[in-house]
């Protein structure tokens, strides 16, 4: 039997359908893989009992011919999603041990389609970070190593670092993520897999611990464009419990992901993303992507998104502002950590001082500051105006083109500990992903090649609002052209063994 | 009828604006499906949203919006087609989210006005600045444990309407009249039960004083004023306090003060400097509330006749005085009762019976109209007996008292007790003759010019007939016999 953990999600579903193996078998294979890769710290909670129970139930459904879209497929769930009866801590000490009485809409949608949950995946605390180093449960180590022999542990990116590492290291067929400013796309690029953030409003936010409500959006990781499409298909849909979720039909994402024709499409290349100081390798992979699409018949058009340089500063006002308010509920009164103080104020202060990590505190303070009387107009309102201008940039670009192609991140994965002393440098990781987040647009990262160190580089496709199909189609075309087959060496050696 | 207050340096004018929090009558909360009913066991009506569990999201209760728009229309106010829910951020254990969802820059209802009825029989218009929807907080219980406070979240997330008036109110009487009229309108609309004891209507009073017509003074906001009477008392106290400060050469501090009904005084809660920075910003979990003209028109078509419309109609249609009309429209049920009584009958007589007799007696017995032993139809039946001379007005009061005791119909009581008026001329003549025969001295005196003795004869006749003789006929026959 082939190693079941190395199948794509689509292949695995086919195998289950053909009765080549059972869900229990492929689930067990993944549970074993998780055990073998535990040092990566991708999962903070493993749920083998739940997984095997779900797998068994799935096999019974299949036997009765009642299989759902993802029936029997073992996947990982980012810890930001509330899962009933299973610790959902958002990787924060303030929620350590918190077991919700409810299931997030997106995970429920996945279970309704038969998905099997392997466990909860590590992430930056409250999804605030770009290297998965702010987690209260320890950082995640990427399965990738530089070829220079240094053996330094690299970051899988963040905030969905556990999800990306798990899918890259074959510890899950696919995984959920969330993306607020790049938290799916950047880790996908760093770990050589696909990650899609759909249009804001495509997936329900109900039951996902809020970081920045106007930006947070659920999305998926898969090792192929088709796999990410399949996952997203099951996750997406209108939810009356989320007032910002869109009441519109979910298109056939899988069909879109199988369409590798870009003939006649117009692909925009935003000149503002050609930032000075960008590494040569990133520049080259971008050019490679442009050439691939052109040779597939797409028309390449230079476009301008003039307000791009204001995106990051605006993002780092809006997201902290919302987070400062969203995180106010963690006060030690009703659930989670409580540190008793002499009086109420002291209890609040000590609970939050002990429960939140440095990056969360930094953002809560920034957010509180920018919303304060006297600063609100200069910061928050200004940032909202910038946000509108950034959306307008995209809207006028889409008058000329069907999708945009950019690098996903300004570099390949960096070593754990790098950039840690300089928050601004860390924030710059999101420079190419944040604008689409601010505009609420769908974006996807597809692995395009390896750099000189043997580390993956990703390309980002940004589409029109609600046009994930275009994003997937262009992504599938790039995937086919890139023919990215690289597997982290530690995973390959496990396979050989 | 501005009430000027005399100080040592001359007259002072009182300037008052009010913020009234009215709990919206609705089955469930503003952003969750939990029950909004009053009086349940602590924390038994709390959804995951109300408890601010991680990942929970608010969903706007459409009925609460309907109630707010209905109230806005009832306050003759502009309805804003786009309004925005914002977060008001502060920490308190009875505020689970760490913020209250409220409306700030863009409320659902804009400017309007209501008419208030003053004790001197005049009316006055008070401007409404705005009405917005917001969440109520939970309740902190500080007296359940020696060192800890308990929190009851049943009220957390219930819908409130904050109704803000213009600073058009000029004294305690006007403030009381404003609050009463507002409560009346809300009750007519069925958008708030107006029950101040249960806290479903609470008032904050902004008070300042100035020299008549001068620049506005610095105001103090008085909180915890929970009855119409308390509003009047708090204003009286606060006005004196401010005048004393100003006349002593001091300045009034802009601050929030608490009314202490036990000590009958206001005291400082927090100054402007200590005021919270609420860091309002639009709630990113909620889209702006957008209403169409069609929707607003539909709500308008559902409006009942409002107190002031009814009052003016009663004055025009029934010829009632402003006072009588005001009393009758004070409650919808009272107005309905009156309209049933007066149907086909003289309106002034009907109003008189309802206001002076029935409401008086109910009040004396500590009952309200819904507990009245006499139905509107029964009271109408009594009035009919007077109108057709079956009984006199005087006898009618006895019958009325009997009806109040027994809930029997007026004709039955009249029949049973033989109270029917004697209108038989022969019978009355017989009694008169007997009275005249028995009092020859008085007859002589009357004829000698002592006109006043006429009353004596009438009294004697009524006494003999047990009050049942028709007074007009007695007068007529007596006059004839005595000339």
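Tabulated data
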quantity: Length-normalised contact order of chain A in % [C-alpha pairs under 8 Å, at least 6 apart]; calculated: 17
quantity: Likely footprinting exposure, A:484, A:253, fewest C-beta neighbours within 10 Å first; calculated: A:484, A:253
quantity: Computed over region B:305-417, Cα set: Rg, Dmax in Å; calculated: 13.8, 43
quantity: √(5λ) per eigenvalue of the Cα gyration tensor, region A:226-337, largest first, Å; calculated: 36, 25, 14
quantity: Pairs of Cα atoms farther than 23 Å apart, region B:155-239, %; calculated: 25
quantity: For a label point 7 Å along the Cα-to-beta-carbon line of residue B:333, residues of region B:169-188 with backbone N under 20 Å; calculated: B:180-188
quantity: Value of Rg to Rh for region A:331-483 (Rh from inverse mean 1/r over Cα pairs, i.e. Kirkwood); calculated: 1.09
quantity: Order of A:22, A:155 - criterion: other Cβ atoms within 10 Å of each residue's Cβ, fewest first; calculated: A:22, A:155
quantity: Rounded FRET efficiency, nearest 0.05, which uses the C-beta distance separating residue B:452 from residue B:363 and R0 of 45 Å; calculated: 0.75
quantity: Cα-projected label distance for residue A:255 with residue B:37, points at 7 Å along beta-carbon direction, nm; calculated: 5.0
quantity: Percentage of interatomic Cα-Cα distances in region B:213-304 larger than 19 Å; calculated: 61
quantity: Debye log10 I(q)/I(0) for chain A, one point scatterer per Cα, at q = 0.05, 0.07, 0.09 Å⁻¹; calculated: -0.16, -0.33, -0.55
quantity: 4 °C / 1.567 mPa s Stokes-Einstein diffusion coefficient of region B:34-190, Kirkwood radius on C-alpha pairs, µm²/s; calculated: 74
quantity: Value of Rg/Rh across the protein assembly as shown [Cα atoms, Kirkwood radius]; calculated: 1.18
quantity: q = 0.14, 0.21 Å⁻¹: log10 I(q)/I(0) that the Debye formula gives for region A:109-258, counting C-alpha atoms only; calculated: -0.63, -1.33
quantity: Relative exposure of A:43, B:295, judged by other C-beta atoms within 10 Å (fewest first); calculated: B:295, A:43
quantity: Zone residues, region A:381-401, relative to residue A:271, backbone N less than 11 Å from point 7 Å out along Cα-to-Cβ; calculated: none
quantity: Solution diffusion estimate, µm²/s, Stokes-Einstein, region A:416-471, Kirkwood Rh from C-alpha pairs, 4 °C, viscosity 1.567 mPa s; calculated: 98
quantity: Estimated distance in nm for a label pair at residue B:115 and residue B:92, the labels positioned 7 Å out from Cα along Cα-to-Cβ; calculated: 3.8
quantity: Kirkwood Rh in Å, taken over all unlike Cα pairs in region A:314-386; calculated: 13.0
quantity: For region B:329-483, alpha-carbon Rg and Dmax in angstrom; calculated: 19.1, 59
quantity: Inter-label distance for residue B:251 and residue A:50, nm, one decimal - labels placed 7 Å from Cα along Cα-to-Cβ; calculated: 6.2
quantity: Relative contact order (percent, whole number), region B:4-299, Cα cutoff 8 Å, 6+ residue spacing; calculated: 24
quantity: Nearest-0.05 FRET efficiency for residue B:345 and residue B:211, computed from C-beta distance (R0 56 Å); calculated: 0.60
quantity: Cα Rg, Dmax (largest Cα-Cα span) when computed across chain B, Å; calculated: 30.3, 102
quantity: Residues of region A:382-404 with amide N under 19 Å of the 7 Å Cα→Cβ point at residue A:301; calculated: A:390-404
quantity: Debye intensity ratio I(q)/I(0), log10, region A:1-73, q values 0.26 Å⁻¹ (C-alpha model); calculated: -1.22
quantity: Computed over region B:425-482: relative contact order in percent, which uses C-alpha pairs under 8 Å that are six or more apart; calculated: 40
quantity: Alpha-carbon spread of region B:425-482, three principal axes, descending order, Å; calculated: 29, 20, 17
quantity: Per-selection Kirkwood Rh - region A:115-194 (Cα, Å, 1 d.p.); calculated: 12.3
quantity: Taking N as its residue count, the alpha carbon Rg of region A:117-156 over 2.2 N^0.38 Å; calculated: 1.33
quantity: 222 nm mean residue ellipticity, helices alone, for the protein assembly as shown (DSSP H n ≥ 4; -39,500 (n - 2.57); rounded to 500); calculated: -11500 deg cm²/dmol
quantity: Stretchable slack from residue A:17 to residue A:84, in nm (0.36 nm times residue separation minus alpha-carbon distance); calculated: 21.3 nm
quantity: Rg over Rh [alpha-carbon atoms, Kirkwood Rh] for region B:255-368; calculated: 1.23
quantity: Kirkwood Rh in Å, taken over region B:392-466 so that all alpha-carbon pairs contribute; calculated: 14.3
quantity: Long-range tail of P(r) for region A:41-161 (Cα pairs > 26 Å, %); calculated: 29
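Rule-based calculations on the coordinates, nothing more; no lab input. Keep in mind the model is a prediction, meaning the values are calculated, not measured. No Cβ is skipped: glycine too gets one built from the backbone with ideal geometry, and neighbour counts run over all protein chains shown.
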